[in-house]
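Note sheet for the following structure.
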Amino acid sequence: MIEVSENRRSPAALVPTFEFGDCMSLRDLDELILTCRNEEGRGYIAEAVACYRAGAYRACVVSTWIAVVFDLISKIRELALSGDAEAQLIVDDLNKWQPLIGKGDMAAIKKSLDLERSIVGLVNDKFGFFEGMQVQDLERFHDDRNRCAHPTYQGTEQPYAPSAELARTHLVDAVGHVLSQAPVQGKAATAQIIKLVESAYFPTDPETAKVQLKSARLDRARDSLLRSVADHLVFGLLEGSASLKGRPQTATALRAVCELHPLACEPRVKRALNLICRRAPDPTLPLFIALQRHLSQTWYFLEADNQARLKEVVRGMDDGLAVRVLPAAAEIPDLHEAVKERTKKLDPKQLGLIVEQSKHPIFAQAGVEAYCASKSWDSANTNYSLAIEPVLANLTEVQIKRILNASVKESADLRGSHSFNNFCRYIYENEKLPKPEIVSSLTDQGMGHLATQLESSPDEIPF
């Protein structure tokens, strides 16, 4: 097993983390080699480890730096093959210099050495391979390599002699920051993932989306890449172009990324949501409510001023928008009062359209209130078919008793309507209340004939 101190251990880590001061045995070094991403990298680091084992720490540092440079050039070639224009320019230059270097061309040799000296900064600027502290680690590594490889760097007669701990630290940094990592990070990786999400074939199922995002190397991504992807998805969903804005695929991708990497992504999403909401024009504010269905933390990410603004949006939205937004708003407990207020202003047809989308108790109650306020058979039948029948199975005992007694207690014109007869038959046959209680209630209200019909109806049709 690799020795990693307990306070540094991360259950989500996919690659062992080595840090200065860890007690590394020879076996640890073998396992360090295995974390290299490809065979060439393992070969380079194996040579450096052999030097370390022999106590040749100066050679270990130099060999490790050679491994880093070779690996970064290999990554640039990979990016070029995948179509990255910046990487292709670097590869074209390399392809021009290398034949000339074999002929002793000093200009080509100088360009090649310049590339080696600046390669860490170059790949970070162009492709975003590293995070800030990693760049500093590699720059210190490069300085130590120069002191090991160039006697004139040392102002004494004795050559520079790195310690075993320093050599081991550079080995660990080389593998952890470079040789174990995929070549697509930063800007290039973000562009690749966003292009994947923009596809018409990107899934709207979160679990399937996770599979695709993992295959795009988001499973082992650095925090800088995760933050970049989260930003692009949030801003794209709410403010972006048609390829991302308002699309279910974008919302699904955002949810998948947050579930895969909550510690890195959720603070970023929270910050972005509040920033966008504060500057959002009124017509786009319902998008923040709709997002709740895809990202359940949305409402709780929003700060008090934005929450207050959305409550007023719910209260004041027009009927067409209300039909589309209220089902999502009802899933947010803090919006329940605003949803109830707005639902009372809907006509039966609009309420019916909402009930088709959501069986939330708020809308079931609104249907009950509309039905119990019916003043004619026509309105009773309309209210029933639109707002009661779709939620019959969801009605509570209190709501069922209210409808059953509404003709007397609320002067509702239900007696004799087809809808009320159908309602009574449903609750009787499905025993939503005890059958004797239903019969007694109807009889007490002067509808004994209806009670008699229910009692005489056969449970099954004889053949």
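Just a few scattered comments:
- The GluC sites (Glu not before Pro) found in the stretch 415-447 that occupy coil by DSSP, while having at most 12 further C-beta atoms within 10 Å, are Glu431.
- Using Cβ point charges alone (K and R +1, D and E -1), the dipole size of the stretch 43-137 about the Cα centre works out to roughly 380 debye.
- Within the same chain, aspartates and glutamates fewer than 8 places from Lys349 are excluded, and of the rest, those with a Cα less than 20 Å from its Cα are Asp318, Asp319, Glu341, Glu369, Asp378, Glu389, Asp413.
- In summary, the lysines within cross-link reach of Lys110, defined as a Cα separation below 24 angstrom excluding same-chain residues under 8 places away, comprise Lys75, Lys96, Lys126.
- Taking the Cα centre of the stretch 414-456 as origin and assigning +1 to Lys and Arg Cβ atoms and -1 to Asp and Glu Cβ atoms, the resulting dipole is close to 140 debye.
- Positive end of the dipole of the stretch 334-463 (Cβ unit charges, origin at the Cα centre): among Leu335, Val368, Ser407, the Cα lying farthest that way belongs to Leu335.
- Computed over the chain: relative contact order in percent, which uses C-alpha pairs under 8 Å that are six or more apart: 9
- Using Cβ point charges alone (K and R +1, D and E -1), the dipole size of the stretch 305-436 about the Cα centre works out to roughly 280 debye.
- Spatially, the stretch 253-300 and the stretch 330-367 are offset by 24 Å when compared through their Cα centroids.
- Heavy-atom surface analysis with a 1.4 Å probe gives the chain a carbon and sulfur content of 54 percent of its accessible area.
- Too-long pairs where the Cα-Cα distance tops 19 Å, listed order kept, from Lys344/Lys432; Lys195/Lys245; Lys210/Lys359: Lys344/Lys432; Lys210/Lys359
- Between the listed residues Leu263, Leu291, Leu302, the Cα displaced farthest toward the positive end of the dipole of the stretch 260-331, a dipole computed from Cβ unit charges relative to the Cα centre, is found at Leu263.
- When percent of Cα pairs over 41 Å apart is computed from the coordinates, the matching label among (i) 27; (ii) 13; (iii) 46 is (iii).
- Proximal lysines relative to Lys435, as straight alpha-carbon distance under 25 Å, when same-chain residues fewer than 8 apart are discounted: Lys401, Lys409
- Shown in residue order for the stretch 270-287 are the 3J(HN,Hα) couplings computed by the Karplus curve 6.51 cos²θ - 1.76 cosθ + 1.60 at θ = phi - 60°: 4, 4, 5, 4, 5, 4, 5, 4, 5, 9, 6, x, 3, x, 8, 4, x, 4 Hz (x for Gly and Pro).
The values are calculated or read from the model by the stated rules, or taken from the named source; none is laboratory data. From a predicted model like this one, the values you see are computed outputs, not experimental measurements. Please note: Cβ atoms are built from the backbone with ideal geometry, for glycine as well, and neighbour counts cover all protein chains shown. These area figures cover heavy atoms from the full protein model, side chains too; ligands, DNA and RNA do not enter into them. Shrake-Rupley method; radii C 1.70, N 1.55, O 1.52, S 1.80 Å.
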